[in-house]
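Below: the structure, in C-alpha cells.
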Amino acid sequence: MIGQGTWYIDDAHRPTAIAALRCGLDLGMTHIDTAEMYGDAEIVVGEAIAGRRDEVFLVSKVVPSNASRAGTVVACERSLTRLRTDRLDGYLLHWRGSHPLEETFAAFEHLREQGKILSWGVSNFDVPDLEEAWKAGGQDRIACNQVLYNLEQRAIEHSVLPWCEAHGVATVAYSPFGHRNFPDAGSPGGRVLAEIAANHQATARQVALQFLVRQQSLFAIPKASTPLHATENAGAGLLRLTDDELRRIDSVFPRGPMPERLPML
Ligand SMILES: NC(=O)c1ccc[n+]([C@@H]2O[C@H](COP(=O)([O-])OP(=O)(O)OC[C@H]3O[C@@H](n4cnc5c(N)ncnc54)[C@H](OP(=O)(O)O)[C@@H]3O)[C@@H](O)[C@H]2O)c1
C-alpha cells in the first residue's frame, strides 16, 4: 500500500505541497504521514485534508524528548490542534529516547481510550527495541514500525521485517526513494529499473516503489511536493512485478550484510 509522507515545508512551497497531498488523496494514497518534528508540516496537512478528514488515515509522531507520560498527551493534543482534527488514526514514537517505554505506551493507551488516537506504534525500532516494547505494554497493540527502507537500504529485511511479520506489526517504509538519492539512471541498478519500467509502460520510481510494497505487510510513504510527482507515485500501486523482475531488482540492489545498528535517516 502506498501513502504520502510530508517533511519541512516552507511558505513558498505550501500551495503545491497542499495540491500534491490532495491529488494523492484523489488517487487513493490515503495514508498521510507527518510528525510534530517536521516544522509546519502538520499545519500544511491540516489545510490539505480540510473537509476530507474521513478519507484519510492520518499518522503523526511524538519526538522522544516529549514522550513522557504527561508530555505525550500534551504533544498529541498540540498535533491535533495543528492538524485541525479530533483524532489521529496512528500515533508513533518517532525513535527510541530516554523516557521509559511503559510511560509513553501508558499515554498512548490513555489517548486511545479517549478516542484521540485510534492506534499507535513505533518508528526506527530494531528487534531488541521491539522485544522490549512488546513486554512494556506493546503486545498486540503496536500497529506499525516505521523504518528506513529503500533499494539501497534493505537492512530491515534481515530481522526487523521478519519480526514484524511474525508479530502482526505492519512495516512502513520511510524515505522509499532514498530521500534525495534515488539511483541514477546511468547506474547498473538504474538501468535495470528503466528496463523493467519499459516493460510496464511505467517509470523507474514506480518500479522501485512497487518492489518495496511487494508483500502485504509493507507500506511506503514517499514524499512528493507536486501533483505530478504524487500522480506518478500513486501509479506504482497498479504495477505488478513478475518474480523474475523481483529477482533482477534483488540482484542489482543486494540487501548487504546485517548492520550492527538499524540505519536511520
Ligand atoms: N520516521 C522517521 O524517522 C522518518 C524519517 C524520514 C522520513 N520519514 C517520512 O517518510 C517520508 C518520505 O521520506 P523522505 O521525504 O525522506 O524521502 P523520499 O520519499 O524517499 O524522497 C523524497 C524525494 O523524492 C522526490 N520525489 C518524490 N516523488 C517523485 C517523483 N515521482 N519523481 C521525482 N522525484 C520524486 C521528492 O521531490 P519533490 O519533493 O520535489 O516531489 C523528494 O526530493 C517523509 O516525508 C516522512 O513522512 C520518516
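Derivation of every value follows stated rules applied to the coordinates shown; laboratory data play no part. What you see is a predicted model, and the numbers here were worked out from it, not measured in a lab. In this analysis, Cβ positions are derived from the backbone assuming ideal geometry, glycine residues included, and neighbour counts consider all displayed protein chains.
For every other residue with a beta carbon closer than 15 angstrom to the beta carbon of ILE156, add +1 if it is Lys or Arg and -1 if Asp or Glu, then tell me the sum.
Numbers: positive: ARG154, ARG214, ARG255, ARG261; negative: ASP126, ASP129, GLU152, GLU157, GLU165, ASP250, GLU260.
Counting the neighbours of ILE156, the net charge comes to -3.
In whole Å, what three semi-axes, largest first, describe the equivalent ellipsoid of the range 16-157 built from its Cα gyration tensor (square root of 5 times each eigenvalue)?
Three semi-axes, in Å: 25, 19, 13.
Mean separation of Cα pairs under 8 Å and 6+ residues apart, divided by the residue count of the range 206-265: what relative contact order is that in percent? Show your work: numbers first, answer last.
Details: 26 pairs, mean separation 23.0, N = 60.
Once divided by the residue count of the range 206-265, the mean separation gives 38 percent.
Exactly which trypsin sites (Lys or Arg not before Pro) in the range 1-71 are in a DSSP loop and have at most 13 other Cβ atoms within 10 Å?
Answer by residue number: ARG52.
Counting only helical runs of four or more DSSP H residues, what would the 222 nm mean residue ellipticity of the chain come to if each run contributes -39,500 (n - 2.57) and the total is spread over all its residues?
Dividing the helical sum by the residues of the chain leaves -11500 deg cm²/dmol.
Just ASP33, ASP11, ASP126 to compare: in a GNM of the chain, with alpha carbon springs under 10 Å, which one fluctuates most?
It is ASP11.
Tell me, what is the FRET efficiency for THR231 and GLU165 to the nearest 0.05, using R0 = 25 angstrom and their Cβ-Cβ distance as r? Working shown, then result.
Working: r = 31 Å, r/R0 = 1.23.
My answer for the efficiency is 0.25.
Provide, for q = 0.08, 0.10, 0.14 Å⁻¹, the log10 of I(q)/I(0) from a solvent-free Debye sum over equal Cα point scatterers in the chain.
So the normalised log intensities are -0.31, -0.49, -0.96.
First measure r as the distance between the Cβ atoms of GLU47 and ALA194, then evaluate 1/(1 + (r/R0)^6) with R0 = 30 Å and state the FRET efficiency to the nearest 0.05. Can you show the working numbers first?
Working: r = 36 Å, r/R0 = 1.21.
The computed FRET efficiency comes out at 0.25.
Looking at the range 163-220, which trypsin sites (Lys or Arg not before Pro) are in a loop (DSSP not H, G, I, E or B) and have at most 14 other Cβ atoms within 10 Å?
When the trypsin sites (Lys or Arg not before Pro) of the range 163-220 are filtered for loop state and at most 14 Cβ neighbours within 10 Å, ARG180, ARG214 remain.
Starting from the 7 Å offset along Cα-to-Cβ, what nm value, one decimal, do you get for the label separation of GLU109 and GLN216?
2.9 nm
Can you tell me the relative contact order of the chain? Whole percent, Cα pairs under 8 Å, sequence separation 6 or more.
Working: 503 pairs, mean separation 56.8, N = 265.
For the chain, the relative contact order is 21 percent.
Please compute the length gained on full extension between ARG180 and ALA12, using 0.36 nm multiplied by the number of residues separating them and subtracting their Cα-Cα distance.
Gain on extension, ARG180 to ALA12, equals 58.5 nm.
Could you work out which residue, out of GLY51, GLY190, GLY28, moves most in a Gaussian network model of the chain, that is, has the largest mean-square fluctuation with Cα springs under 10 Å?
GLY51
In Å and whole numbers, how far do the C-alpha atoms of the range 70-110 stretch along each principal axis, longest first?
29, 19, 17
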